[in-house]
Amino acid sequence: MGEFEPNIVAFVCKWCTYTAADLAGTSRIQYPPNVKIIRLMCSGSVDPIFVVKALSQGADGVLIGGCHPGDCHYVSGNYKARRRILILKTILQNVGFEADRVWIRWISASEGKYFATVITEMVEQLKKMGPSPLKTAWDI
Amino acid sequence: MSKVYKLTIENKDIFSTVNSFFQKLLEEKIIDNLLLPQESLNSKSVMQTLVKSPQELGNANPFAPLLLVNSATLVSQLTIDNPQSKLGAVMRSCEIRAAIELAKLKQINLERLVIIGVDCPGIYESTAYQKIIEKYKDSQSLTRDYLSKSLKNQLQSLEGQEIRLACKGCEYPNPENFSIALNFFGCDVDKEIFIQFADNFPQIDPEKLNLLSCEDNGQWRKAIDECRDRRTKTREEIFKQVFENIKDIKSFLKEFEHCRRCYNCRKECPICYCRECIFDSLTFEHASEQYFGWARKKGKIRMPSDTLLFHITRMNHMAISCVGCGQCSSACPNGIPIAKFFKTIGFKVQELFDYKPGRNPDEEIPQSTFKEDEFPEVGLGPKSKA
Ligand code: SF4
Ligand code: SF4
């Protein structure tokens with residue numbers, strides 16, 4: 001087996017972060033291929049249950065990407081997402097799961113380069129953390 | 001400031017005195033129906049009853065140390081369709097706080113509700129109660145013993161049984177957000193108790209209700225404060241113990257190894273009001289091939305799967321409003337101390353927003369609102385933006 005390659009699931013909004021990922025691609029910016037992108041209409045439509053489901057099914061990390069505060073296409077979706085993900089991370093931390101495996105980042109449509117940076121940073125951090133303990137736990 | 005009165009106990013019988021008080025509330029049409037615990041003469045158990053006829057209060061026991069359901073759930077059922085009548089409901093602090101949360105979730109109509117709060121020295125698990133009651137002739141004599149001992153702080157145990165852990169660590173011995181409150185801490189319950197009316201409660205005629213005006217209830221306040229301090233200490237010990245026990249996700253999973261996924265905890269949770277819980281939906285019912293796939297990957301998987309997902313998701317949905325009533329633990333057939341974890345972690349979540357469930361009906365539940373300028377650090381990366 002080679003070096004541990006983290007598995008990242010990214011829930012991103014259609015208007016900003018997904019467009020940024022697209023821009024990264026069309027601009028031929030390189031970033032690690034460890035991420036599986038799931039496009040939603042808004043970061044506010046990321047139900048925390050799907051973050052937990054992804055983690056319990058073996059994702060090493062989950063990224064939630066949305067528009068910068070104030071820029072939400074639906075006015076306030078990302079503000080609501082911010083509270084929800086904060087609640088989720090607090091719960092995860094307190095049930096003994098490393099909350100640092102869940103990232104939330106504001107990445108606008110024009111920030112293709114920043115999207116690549118975030119993925120690179122996340123992969124680096126997850127490599128340091130190692131595989132998620134839920135990946136091998138059978139009794140969940 | 002609320003208005004405080006004294007209720008003199010007739011013939012050293014707190015039950016008949018309080019019952020005639022309730023009777024008058026019904027007769028004077030201050031309330032149209034009354035939800036309160038009554039003893040069943042068959043089994044000496046104490047259950048919630050909905051009373052219309054003032055003559056049917058004979059077995060009422062509003063102080064019994066047993067709570068088969070958190071009555072907030074029942075109050076929801078009885079007020080949600082906006083009836084024309086006023087429902088009186090005898091409730092402990094945890095029931096009132098749950099009701100306030102349910103009102104925010106639009107599951108209770110507070111306008112149709114007259115909350116009759118009672119002080120609470122704590123309750124027993126139903127199984128413990130059943131053992132204790134064998135030694136007593138009825139629930140009233142048991143309750144009398146329990147009240148006099150707990151008010152003198154001498155209630156270590158009754159017939160070897162202790163009150164529930166949730167109650168030992170409950171920092172809310174007295175009701176708040178009531179219309180009427182029955183306060184007996186610091187009282188000799190053979191002689192008198194205090195009755196408080198909320199400020200905004202319609203004018204009543206104290207004479208008709210046999211109430212004597214009184215100014216100072218400092219003795220009550222002192223007893224309540226002492227009890228709250230003692231229980232807050234216990235709560236802190238419980239929190240500490242939980243954090244010491246949960247070192248990693250494996251140790252958390254260990255606590256739920258006995259979970260049989262009966263969903264009783266969810267069913268008894270007053271905050272889990274959903275008509276169709278996501279775990280009763282098809283969302284996580286996968287095709288058999290999926291399960292085979294996961295089993296192939298890991299070698300084996302626990303069935304039914306997604307137990308962790310269930311408990312974390314339920315926490316995610318209700319922890320912010322968790323009032324720590326302990327009904328989940330009481331309902332668990334396998335004795336998992338669920339409430340201990342949910343209250344502790346709920347407290348952490350509530351702290352984020354300086355939110356106290358049940359504190360104020362005008363506050364919004366944190367998930368349903370936001371502030372633009374809060375948590376500016378969330379969403380920013382460790383490195384500067386490239
Ligand atoms: S777990 Fe969630 S979806 Fe299920 S009843 Fe509770 S709040 Fe509703
Ligand atoms: S009541 Fe107990 S056994 Fe049933 S689902 Fe809840 S934790 Fe599991």
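The values are calculated or read from the model by the stated rules, or taken from the named source; none is laboratory data. If you're wondering where the values come from, they're calculated on a predicted model, not measured in any experiment. Backbone-built Cβ (ideal geometry, glycine too); neighbour counts: all protein chains shown. Accessible surface areas use protein heavy atoms only, side chains included; no ligands, DNA or RNA. Shrake-Rupley method; radii C 1.70, N 1.55, O 1.52, S 1.80 Å.
Could you check how much of the accessible area of the protein assembly as shown is carbon and sulfur, as a whole percent, using a 1.4 Å probe?
Here carbon and sulfur together make up 50 percent of the probe-accessible area.
Based on Cβ point charges of +1 for Lys and Arg and -1 for Asp and Glu, what charge dipole magnitude is obtained for chain A about its Cα centre, in debye rounded to the nearest 20?
Value, rounded to 20: 340 debye.
Among B:Q130, A:G25, B:M315, pick out the residue whose Cα is farthest towards the positive end of the charge dipole of the protein assembly as shown, where Lys and Arg carry +1 and Asp and Glu carry -1 on C-beta, about the Cα centre.
A:G25
State to the nearest 20 debye the size of the charge dipole of chain B about its Cα centre, where the only charges are +1 on K and R beta carbons and -1 on D and E beta carbons.
Once rounded to the nearest 20, the dipole reads 1540 debye.
Determine which aspartates and glutamates satisfy two conditions relative to B:K52: a Cα distance under 12 Å, and not lying fewer than 8 residues away in the same chain.
Those aspartates and glutamates meeting the cut-off are B:E27, B:D32.
Work from the charge dipole of the protein assembly as shown (Cβ charges, +1 for Lys and Arg, -1 for Asp and Glu, about the Cα centre) and give the residue of B:G58, B:S179, A:M129 farthest towards its positive end.
Checking the options against the dipole of the protein assembly as shown, the answer is A:M129.
Grab the other residues whose beta carbon is less than 15 angstrom from that of A:N94, score K and R as +1, D and E as -1, and report the net.
So the environment of A:N94 carries a net charge of +3.
Using Cα pairs under 8 angstrom and six or more residues apart, how large is the relative contact order of chain B, in percent?
This gives 19 percent for chain B.
Quick check: pseudo-label points 7 Å beyond the Cα along Cα→Cβ at A:D100 and B:Y355, how many nm apart are they?
2.7 nm
Can you pull the mean other chain C-beta count within 10 Å for peptide B:308-320?
5
Among B:269-275, B:248-254, how do they line up from the highest to the lowest mean number of other beta-carbon atoms within 10 Å?
Per-residue Cβ counts within 10 Å, averaged per peptide and sorted highest first, yield B:269-275, B:248-254.
Order the peptides B:290-297, A:11-18 from the highest to the lowest mean number of other Cβ atoms within 10 Å of their residues.
Order by mean packing, descending: A:11-18, B:290-297.
Hey, got the average number of other protein chain Cβ atoms within 10 angstrom for residues in A:125-134?
The per-residue average across the peptide is 1.
Taking the Cα centre of the protein assembly as shown as origin, work out the dipole magnitude from +1 charges on Lys and Arg Cβ and -1 charges on Asp and Glu Cβ, in debye rounded to 20.
Using Cβ point charges on Lys, Arg, Asp and Glu, the protein assembly as shown gives about 1560 debye.
If I model a spin label at A:K128 and B:M303 as a point 7 Å from the Cα along the Cα→Cβ vector, what separation in nanometres do I get?
Here the modelled spin labels are 4.2 nm apart.
Just tell me how shielded B:112-119 is by partners: mean number of partner chain Cβ atoms within 10 Å of each residue's Cβ, no decimals.
That average works out to 0.
Using r as the Cβ-Cβ distance of B:E257 and B:E364, and R0 as 41 Å, what FRET efficiency do you calculate, to the nearest 0.05?
So the FRET efficiency works out to roughly 0.65.
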